[in-house]
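In what follows, a single structure is set out as structure tokens and then discussed.
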Amino acid sequence: GIYINQLFIVIALFILGLTTNIYILGLGAVLAFICFPVSQTCTQVIWQQKTVPDIQGRVFAFRRVIAYSTIPLAYLVAGPLADRVFNPLLEENGRLADSVGKLIGVGPGRGIGFMYLLMGFMLMLMTIAAYAYSHLRNVEIELPDMIPDAAPESGIV
């Protein structure tokens with residue numbers, strides 16, 4: 001479930017990066033916002049099954065701190081990066097106007113579109129690398145569950 005959802009998120013990022021049509025942008029955003037929670041839920045299930053119950057609170061809190069600590073950094077960096085780096089590259093006479101600009105267009109908003117394409121490409125590479133690493137791909141099989149099955153063996157409740 002994780003890898004399939006990650007690939008749908010990659011598709012959504014490519015959609016967001018390749019178009020300026022508001023309806024298609026909406027479709028890409030909806031696709032991404034549907035796939036993010038499904039992917040996170042699949043991941044959370046694995047963590048809950050594989051983590052010893054006594055330390056789950058600490059492990060999940062640490063995971064959340066790491067994940068959420070990057071959000072302020074993203075907010076601080078994304079705007080200036082778009083305004084000062086990517087948008088100038090894809091202006092009418094920008095450095096990438098004759099290469100990338102021929103694929104995605106030039107002008108307002110195309111720098112941000114290029115950022116989405118780069119994010120999609122990086123996510124695709126990370127997903128492929130994660131899938132290629134057999135221990136990560138098979139973590140549900142190779143790593144034993146730490147939470148015993150709640151179903152009684154005798155069948156008597």
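The values are calculated or read from the model by the stated rules, or taken from the named source; none is laboratory data. Since this is a predicted model, take the numbers as computed values, not measurements. Neighbour counts are summed over all protein chains in view; Cβ atoms, including those assigned to glycine, are modelled from backbone coordinates with ideal geometry. Areas reflect the complete protein model, heavy atoms only, side chains present, ligands, DNA and RNA absent. Shrake-Rupley method; radii C 1.70, N 1.55, O 1.52, S 1.80 Å.
A few notes on this one:
- Within segment 62-104, tally of residues that are outside any helix (DSSP H, G or I) and within 25 Å of the chain's Cα centre (by Cα): 1
- Scanning segment 20-31 for residues that are surrounded by fewer than 19 Cβ atoms within 10 Å (Cβ to Cβ) and without any contact (Cβ under 8 Å) to a residue 60 or more places away in the chain yields 21, 22, 23, 24, 25, 26, 27, 29, 30, 31.
- Neighbours by Cβ (under 7 Å, 6+ apart or cross-chain): first from segment 70-91, closer than 16 Å to residue 117 by Cα; second open to solvent by 60 Å² or more (accessible area, probe 1.4 Å) and modelled with pLDDT under 95: 82/112; 86/112; 89/95
- Scanning segment 39-88 for residues being out of contact with any Gly (no Cβ under 6 Å at 6 or more places or on another chain) and more than 30 Å from residue 143 (Cβ to Cβ) gives a total of 13.
- Residue within segment 39-50 that is touching a Phe, Trp or Tyr at 6+ places or on another chain (Cβ under 8 Å) and among the basic types (Lys, Arg) present: no
- A single member of 97, 82, 74 is over 25 Å from residue 7 (Cα atoms) and of a type in the set (A, V, I, L, M), and it is 97.
- Screening residue 137 with (1) of a type in the set (D, E, K, R); (2) out of contact with any Lys or Arg (no Cβ under 9 Å at 6 or more places or on another chain); (3) more than 30 Å from residue 42 (Cβ to Cβ) gives one miss only, at (3).
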